[in-house]
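Worksheet: the structure to be examined is printed underneath.
The values are calculated or read from the model by the stated rules, or taken from the named source; none is laboratory data. What you see is a predicted model; the values in this text were computed from it and never measured. Cβ atoms come from the backbone with ideal geometry, glycine included; neighbour counts cover every protein chain shown. For accessibility, only protein heavy atoms count, side chains too; no ligands or nucleic acids. Shrake-Rupley method; radii C 1.70, N 1.55, O 1.52, S 1.80 Å.
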Amino acid sequence: MAERVDVVVVGGGPAGLASAIALKTAGLDRVRVLERFRPPIDKACGEGLMPDGAEVLRQLGVAVERLRAFPFRGIRYVDGPVLVEGTFPRGTGLGIRRPVLHQALIDRALEVGVELAWHTRVEALEGDRLETSAGAITARWIIAADGLGSRLRSWAGLGGPAQPAAERRFGVRRHFQVEPWTDLVEVHWHDAGEAYVTPVAPDEVGVALLWRGGPSRFDRMLPCFPALAERLAGAEPVSKDRGAGPLLQKVRRVTRGRLALVGDASGYVDAITGEGMSLAFHQARALAEAIAAGDLARYERAHRRIGRLPDALTRLVLALERRPRLRRRAIAALAAEPELFSRLLGVHSRSLPLSHVGLPGAARLAWRLATG
């Protein structure tokens, strides 16, 4: 006979654990997380948490200030000789190693009574029943938090069409033992791709490289960014390279019956604007509210609302990534309007409404793009 619980969460990464914590604090009784690996679990990730994502973590009860992490106050774009900096109007972001964040979420999950089943593989989905390597389990609600390549999304028939091979984007990440040279996340641009540098500790930075097309390697891509390569010359790598992709994952919808998708499993545009974890935490909270109310349609609506503006901004930046000349003009235009860049970061991090960009600022930016 299958064991029965209130909620089963498939996937014990940040999205799954945040969902489980939110569900328990919303009053659900038995919430179990199934994860095929054992902690600590690392993953390719830019590891920069936007201010709004850090705030949701605090609301979930995670003691953010006690973590080994590095606060960052904004973003710096570097495109050859052109540089522009923007700072968050409110709050600070958090650069944090993925295993550190994962352990903090595990600790909080245990504290609120989440049942954690590590090294448990889900083998089949049949209605409200999951066949796992530890036996069958049924649940009133099933949450798929099993990442970009979500098997539950596929089994539930919620996956969208695949992206053409030439358009697929990939990433790889490596850490270096070096004192951060800035309290900003740096994005270095090149026609071949981008490099994201996130300070994650007082003596460590993470570097994520993203590109379009087929497979590549960290050491092949890094020379595309000579200023960054010079910064890292002699710095000791302190992690194994970890890759991810294809990044774009489309979904038809994020619920079916009593199953819901959350985090990367619920659709993903790209890592180019760095809000993946923050989006997952907002989704986790909205999903818990919907399940507590017994209405997954409420989550479907909330998921669209949460992702609407970030997805639009991501697609806009991706359009610039595909057009190097336009990208260079856009970054030069922002360099002439640093205050506008800060406002855009405020919108991006949910601390300012879109109206704060202002028509005059948007008009000046459009004019610089057209005449630059």
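Are any residues in segment 186-202 open to solvent by less than 60 Å² (accessible area, probe 1.4 Å) and either of a type in the set (A, V, I, L, M) or within 18 Å of HIS175 (Cβ to Cβ) (or both), and if so, which ones?
GLU186, VAL187, HIS188, ALA192, GLU194, ALA195, TYR196, VAL197, THR198, PRO199, VAL200, ALA201
Anything in segment 131-165 that is surrounded by fewer than 18 Cβ atoms within 10 Å (Cβ to Cβ) and among the β-branched types (Val, Ile, Thr)? List them, or say none.
The answer is THR138, and nothing else.
Tally time: how many residues in segment 52-72 are more than 17 Å from ASP107 (Cα to Cα), in a helix (DSSP H, G or I) and either open to solvent by 10 Å² or more (accessible area, probe 1.4 Å) or without any contact (Cβ under 8 Å) to a residue 24 or more places away in the chain (or both)?
Matching residues across segment 52-72 total 2.
So, in segment 204-244, exactly how many residues are of a type in the set (Lys, Arg) and open to solvent by less than 60 Å² (accessible area, probe 1.4 Å)?
Selection size over segment 204-244: 1.
List the number of the failed condition for LEU345; all other conditions in (1) at pLDDT 85 or above; (2) farther than 19 Å from LEU259 by Cα; (3) open to solvent by 30 Å² or more (accessible area, probe 1.4 Å) hold.
Among (1) at pLDDT 85 or above; (2) farther than 19 Å from LEU259 by Cα; (3) open to solvent by 30 Å² or more (accessible area, probe 1.4 Å), LEU345 violates only (3).
Just one of the numbered conditions (1) under 17 Å from MET277 (Cα atoms); (2) open to solvent by less than 30 Å² (accessible area, probe 1.4 Å); (3) at pLDDT 95 or above is not true of LEU49; which one?
Going through (1) under 17 Å from MET277 (Cα atoms); (2) open to solvent by less than 30 Å² (accessible area, probe 1.4 Å); (3) at pLDDT 95 or above one by one, LEU49 breaks only (3).
Can you name the number of the only condition in (1) part of a helix (DSSP H, G or I); (2) out of contact with any helix residue (DSSP H, G or I) (no Cβ under 6 Å at 6 or more places or on another chain); (3) without any contact (Cβ under 8 Å) to a residue 24 or more places away in the chain that LEU345 fails?
(3)
With surrounded by fewer than 22 Cβ atoms within 10 Å (Cβ to Cβ), in contact with a helix residue (DSSP H, G or I) (Cβ under 8 Å, 6 or more places away or on another chain) and not hydroxyl-bearing (Ser, Thr, Tyr) as the only criterion, which of VAL112, VAL122 stands out?
After ruling out the rest, the residue left standing is VAL112.
Please verify whether ALA192 is touching a helix residue (DSSP H, G or I) at 6+ places or on another chain (Cβ under 6 Å) and without any contact (Cβ under 8 Å) to a residue 40 or more places away in the chain, treating the condition exactly as stated.
yes
Does LEU261 satisfy the condition of being out of contact with any Leu (no Cβ under 7 Å at 6 or more places or on another chain), crowded, with 18+ Cβ neighbours inside 10 Å and within 30 Å of GLY213 (Cα to Cα)?
No, not satisfied.
From the residues in segment 1-34 that are under 23 Å from SER278 (Cα atoms) and touching a Ser or Thr at 6+ places or on another chain (Cβ under 6 Å), which one is surrounded by the most Cβ atoms within 10 Å (Cβ to Cβ)?
Ranking the candidates gives VAL9 first.
I need the full set of residues from segment 299-312 which are modelled with pLDDT under 90 and in contact with a Leu (Cβ under 8 Å, 6 or more places away or on another chain), in order please.
Scanning segment 299-312 gives LEU309, PRO310.
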